[in-house]
Amino acid sequence: MTGQANIPVRVARIEQITPMIRRFTLERSDGGTLPGFSGGSHVVVTMRGEERTHHNPYSLMGSPDDKQRYQISVRRDDDGRGGSLFMHQKVAEGDTLEVSPPTNLFALNPLAERHILIAGGIGITPFMAQLHELRRAGADYQMHYAFRDQENAAFRDELEAACGDRLTAYDGSAGQFVQPAQLLGEQPLGTHVYVCGPKGMIEAVNEAAFELGWADSHVHWEEFAAPPVGKPFRVVLQKSGMEITVPGASSVLEALEDAGLQPNCLCRGGVCGECETAVVEGEIEHNDHFLPDDVKQSNSRMMICVSRARSERVVLDL
Amino acid sequence: MAAPMKIATPPIKSAESFRDDFTYSNSPQAIRRFPFPFHEDEYMYSVNIEPHNGGPVGSVYAPRFDIDEHYLSETEERRLVLEQDPGRCQVLPYMMEAQWDTLELLMESLAADYPQHFTLSKEGDRWTWENRPLGIRDSFVFGDPSTLPQEPFEYITRQVQGDFTLHGQRDNMLYMDGGMVTCQADWSLDFDLGMNWYEWHGPVPKAHQMGIFDRALKFLLNLQVERPVRRLNWTMTINPRMDTSPENYHKWGIDRSTVTPENAGEKAHLRVELQTLYRLPRSNAILFSIRCYLISMEELVTVPKWARRFPRVLRTLPDELAEYKGLIDYRPAVLEYLEQFDDGAETSPGTAPD
């Protein structure tokens, strides 16, 4: 899925939503309309900085009916690899960026009897688009939104206007937290739960669903892994004979791209499976949510968008 | 690929038949643009998926959905099949969003690619659709099924050549949850409806063991909006019969025992499906278009390269696949007919005529 052109967009509007979160409204800069999408979709935003190019996935949060503009929100991560800081510090209204066409790895199941949506912090964004769909379909849903404190309760007013009494808000500073076991325990058969937020929240919801005997197919979660920063290592490409160094702050995928290669990839967050690569030699630090545990343990394959080497050198079947 | 060339698109013919007296035939221009699927002289099994992003002007790959000289014949054939068997068009109730996605994609594509035949005008949700070849002009409210004479998926696919299926995506799996299937190569929507990817591909030989379906499913689950893909598939059909369905097997199965070297040129047809796959934007479903092209052996051998190559491919097709495609019994008769046109000369690379 590489080699296909991105869509050029112009930043039409930037809003400071909370001290940490900005919302960007993007419009097509070459005329015409943007591709339609379904709630839960993300796009990969390409940011061409002076030192390096960033590619970060962000959920689309506007109305899927609106082909004139996309909206994304970016939480500033001061310890990250720079993509979110670039969006916060370098990008101004009127600037141009590129986005990939939308992909949905976190779709609503239209056959669900009821939808329980659970968001923590910036994890609210995919649900903002899904709420449009749920309202249009007249679906039975509940929105559970947890945030650190009132100052960080992004989009709370918009959610209240959209959801009315289907919204339950949890203010962590007031000791309010989602109780997954209790919440899921009250639901009728045929309910689907969707969770997006911090790792601990996703794990707690998954555990509660498992304990209650929910089918895996009724539990949905999305967590894009940011490629973690680590130690540099060497990558040998067996087929082409190339050997490159992966710097500490780059992923294998990015290092290959910097070397002029175009490996298959799509989400860049360890979710979609597109960049799965056979490992000939070396030990892997797996950071993805795609490969099954037994494959991870065998060190036979890796997702080059987020995973790194534990050894000083890996040989890939590329 | 051969150098890009201009390919003539013949005008739409008046309706010919795909049954009874079988008046269907291809014009010389239609033969030139036939999607001959074989790149080399030997049969090779491959998934061969590539981006569906156009092709040489006038070729079947150039538009998103190809409308050719058989448009009136094929839409009339569809009407006849549906009249006798309305179950050939079925969509599960939850897929109304995918129905509208399909209508929008087809109308916008046809109006953009064939402005001489189709016009779509919009005033907000109020849409007007003009299909001049079929003499249709309808105004309706996008999103309101009560404003169309049929449900949106049936309404629009009655007006487009080729079969269509709709696939819901959930739990990392695709389900066949709808379709308009009237010109199929021996499979049944009524039987497959609701099945998952592995269930409906169950009968295909060899590919499961090769891991082809695992890889293709993974690829399609990540299919992006506005990034359609395509592949070709092929089989053979006796007489130019579009509706070779299991439901009507009693009408066409017997045809396969009537092929002789003397009549193979007229009776035996290469049947090629241009299969395209689209991610539908709002529903996140996949639309699968199976556009069927039929060419008789007599027509095929008018292109010398194809006359040499096709018998070579047919001879190397493994028996298991010849059996699956239903051509194992009449393959010798077809080969005997074709081999008189194969002088043993080398063939050029690519699929296009020389």
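Taking the conditions exactly as written (open to solvent by 40 Å² or more (accessible area, probe 1.4 Å), not assigned by TED's automatic domain parsing to the domain that holds A:Gly62 and not small (Gly, Ala, Ser)), does A:Asp171 satisfy them or not? Spelling it out, it is not the case that A:Asp171 is open to solvent by 40 Å² or more (accessible area, probe 1.4 Å), not assigned by TED's automatic domain parsing to the domain that holds A:Gly62 and not small (Gly, Ala, Ser). Which one is farthest from the other protein chains (Cβ to nearest Cβ), of the residues in the range B:135-153 that are surrounded by fewer than 15 Cβ atoms within 10 Å (Cβ to Cβ) and of a type in the set (A, V, I, L, M)? It comes out as B:Ile136. Taken over the range A:103-122, the criterion of being more than 14 Å from every other protein chain (Cβ to nearest Cβ) and either farther than 21 Å from A:Asp65 by Cβ or aromatic (Phe, Trp, Tyr) (or both) is satisfied by A:Arg114, A:Ile116, A:Ile118, A:Ala119, A:Gly120, A:Gly121, A:Ile122.
Can you find a residue that is among the charged types (D, E, K, R), in contact with a helix residue (DSSP H, G or I) (Cβ under 7 Å, 6 or more places away or on another chain) and within 14 Å of chain A (Cβ to nearest Cβ) anywhere in the range B:222-245? No, the range B:222-245 contains no residue that is among the charged types (D, E, K, R), in contact with a helix residue (DSSP H, G or I) (Cβ under 7 Å, 6 or more places away or on another chain) and within 14 Å of chain A (Cβ to nearest Cβ). Taking strands (runs of 3 or more DSSP E) as the structural unit, those lying wholly within the range A:109-217 and holding at least 2 residues that are more than 17 Å from A:Gly40 (Cβ to Cβ) correspond to A:141-147, A:167-171. For the range B:315-346, which residues satisfy the criterion of being over 20 Å from B:Glu266 (Cα atoms) and open to solvent by less than 30 Å² (accessible area, probe 1.4 Å)? Residues satisfying the conditions are B:Leu317, B:Leu321, B:Ala322. When the residues of the range B:292-314 are filtered to those that are open to solvent by less than 10 Å² (accessible area, probe 1.4 Å) and among the charged types (D, E, K, R), the one that is farthest from B:Ser188 (Cα to Cα) is B:Lys305. Inspection of the range B:73-84 finds a residue satisfying the criterion of being farther than 30 Å from B:Ala207 by Cα, small (Gly, Ala, Ser) and surrounded by 18 or more Cβ atoms within 10 Å (Cβ to Cβ).
The set of residues from the range A:9-43 being within 14 Å of chain B (Cβ to nearest Cβ), part of a strand (DSSP E or B) and not β-branched (Val, Ile, Thr) comprises A:Arg28, A:Ser41, A:His42. Of all residues in the range B:187-214, those that are in contact (Cβ under 8 Å) with a residue 60 or more places away in the chain and either within 14 Å of chain A (Cβ to nearest Cβ) or within 13 Å of the chain's Cα centre (by Cα) (or both) total 1.
Looking at the range B:240-247, can you tell me whether even one residue there is touching a residue at least 12 places away in the same chain (Cβ under 8 Å) and over 18 Å from the mean Cα position of the chain (by Cα)? Yes: one or more hits.
In this structure, is B:Ser14 outside any loop (DSSP other than H, G, I, E, B) and either on the phi > 0 side of the Ramachandran plot or touching a residue at least 24 places away in the same chain (Cβ under 8 Å) (or both)? Answer is no for this residue. Of the numbered criteria (1) at pLDDT 90 or above; (2) open to solvent by 30 Å² or more (accessible area, probe 1.4 Å); (3) over 23 Å from A:Val45 (Cα atoms), the one A:Pro292 fails is (1).
Just to be sure, is A:Val91 in contact (Cβ under 8 Å) with a residue 12 or more places away in the chain and over 18 Å from the mean Cα position of the chain (by Cα)? Spell out the reasoning first.
Values: in contact (Cβ under 8 Å) with a residue 12 or more places away in the chain: yes; over 18 Å from the mean Cα position of the chain (by Cα): yes.
Considered against the rule, which asks whether it is in contact (Cβ under 8 Å) with a residue 12 or more places away in the chain and over 18 Å from the mean Cα position of the chain (by Cα), A:Val91 comes out as yes.
As for the range B:163-175, it holds no residue that is over 30 Å from A:Pro292 (Cα atoms) and open to solvent by 20 Å² or more (accessible area, probe 1.4 Å). The set of residues in the range B:106-121 that are open to solvent by 40 Å² or more (accessible area, probe 1.4 Å) and either polar (S, T, N, Q) or within 12 Å of chain A (Cβ to nearest Cβ) (or both) comprises B:Glu108, B:Ala112, B:Gln116, B:Thr119, B:Ser121. Among the residues making up the range A:182-212, those that are surrounded by 14 or more Cβ atoms within 10 Å (Cβ to Cβ) and of a type in the set (A, V, I, L, M, F, W, C) are A:Leu183, A:Leu184, A:Val193, A:Val195, A:Cys196, A:Met201, A:Ile202, A:Ala204, A:Val205, A:Ala208, A:Ala209. What about A:Leu256, is it out of contact with any helix residue (DSSP H, G or I) (no Cβ under 7 Å at 6 or more places or on another chain) and within 14 Å of chain B (Cβ to nearest Cβ)? Taking the combined requirement at face value, the residue does not satisfy it. Is there a residue in the range B:291-308 that is closer than 30 Å to B:Gly202 by Cα, among the small types (Gly, Ala, Ser) and within 14 Å of chain A (Cβ to nearest Cβ)? Taking every residue of the range B:291-308 in turn, none turns out to be closer than 30 Å to B:Gly202 by Cα, among the small types (Gly, Ala, Ser) and within 14 Å of chain A (Cβ to nearest Cβ). The lone criterion from (1) assigned to a loop (DSSP other than H, G, I, E, B); (2) more than 14 Å from chain A (Cβ to nearest Cβ) left unmet by B:His269 is number (1).
A single entry from A:Thr96, A:Thr125, A:Thr46 fulfils the requirement of being open to solvent by 30 Å² or more (accessible area, probe 1.4 Å) and more than 14 Å from every other protein chain (Cβ to nearest Cβ): A:Thr96.
The values are calculated or read from the model by the stated rules, or taken from the named source; none is laboratory data. Keep in mind that this is a model prediction, so the values were computed, not measured. Cβ atoms come from the backbone with ideal geometry, glycine included; neighbour counts cover every protein chain shown. Each accessible area value is taken on the protein alone, full model and side chains, heavy atoms only, with ligands, DNA and RNA left out. Shrake-Rupley method; radii C 1.70, N 1.55, O 1.52, S 1.80 Å.
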